[in-house]
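A.B. asks: This is the structure, below, for whatever I ask next.
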Amino acid sequence: MELTMKPFTTIAAVFFTIVAILHLLRLLQGWEIIVNGIQIPMWVSVFGCVIPVILAFMLWREAHQ
C-alpha cells in the first residue's frame, strides 16, 4: 500500500491545519481581529478551529484508504 498523498491533497491538508492552529492561538492568546472597524467575536475562532481540523482529517483519511 502506498502511503503518499497527491501534492494538492497534501497542500490542502497542511493549509487547513495551519488555519486551525492560528485560530487556536487566537483563542488562547486573546488576539483581537478588527475588519473594517468591526471586531470579530472570539466564538468565530471556535468554528475556525474545528472545521479546518475536520477537513484536514477527512483529506488525510481519504488519501490513505
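A.B. asks: For Ile21, which of the numbered conditions (1) within 16 Å of Met58 (Cα to Cα); (2) within 16 Å of the chain's Cα centre (by Cα) fails to hold?
C.D. replies: (1)
A.B. asks: Continuing with this model, one more query. Filter the stretch 34-48 for residues that are closer than 20 Å to Phe15 by Cα and either without any contact (Cβ under 8 Å) to a residue 12 or more places away in the chain or among the β-branched types (Val, Ile, Thr) (or both) and give the result.
C.D. replies: If the condition is that a residue be closer than 20 Å to Phe15 by Cα and either without any contact (Cβ under 8 Å) to a residue 12 or more places away in the chain or among the β-branched types (Val, Ile, Thr) (or both), then Val44, Val46, Phe47 are the ones that fit.
A.B. asks: Within the group Trp31, Trp60, which residue is part of a loop (DSSP other than H, G, I, E, B) and surrounded by 12 or more Cβ atoms within 10 Å (Cβ to Cβ)?
C.D. replies: Exactly one residue qualifies, and that residue is Trp31.
A.B. asks: Give the stretch 29-65 a look and list any residue that's closer than 30 Å to Met5 by Cβ and more than 15 Å from the chain's Cα centre (by Cα), or say none.
C.D. replies: Arg61, Glu62, Ala63, His64, Gln65
A.B. asks: Would you mention how many residues in the stretch 34-57 are part of a helix (DSSP H, G or I) and of a type in the set (A, V, I, L, M)?
C.D. replies: The qualifying residues number 8.
A.B. asks: It is to be established whether one or more residues within the stretch 16-33 are touching a Phe, Trp or Tyr at 6+ places or on another chain (Cβ under 8 Å) and without any contact (Cβ under 8 Å) to a residue 60 or more places away in the chain.
C.D. replies: The answer is yes; a qualifying residue exists.
Bear in mind that the values in this text are calculations on the coordinates, not laboratory data. What you are looking at is a predicted structure, and each value in this text was computed from that prediction instead of being measured. Cβ coordinates were reconstructed from backbone atoms using ideal geometry, including for glycine residues, and neighbour counts include every protein chain displayed.
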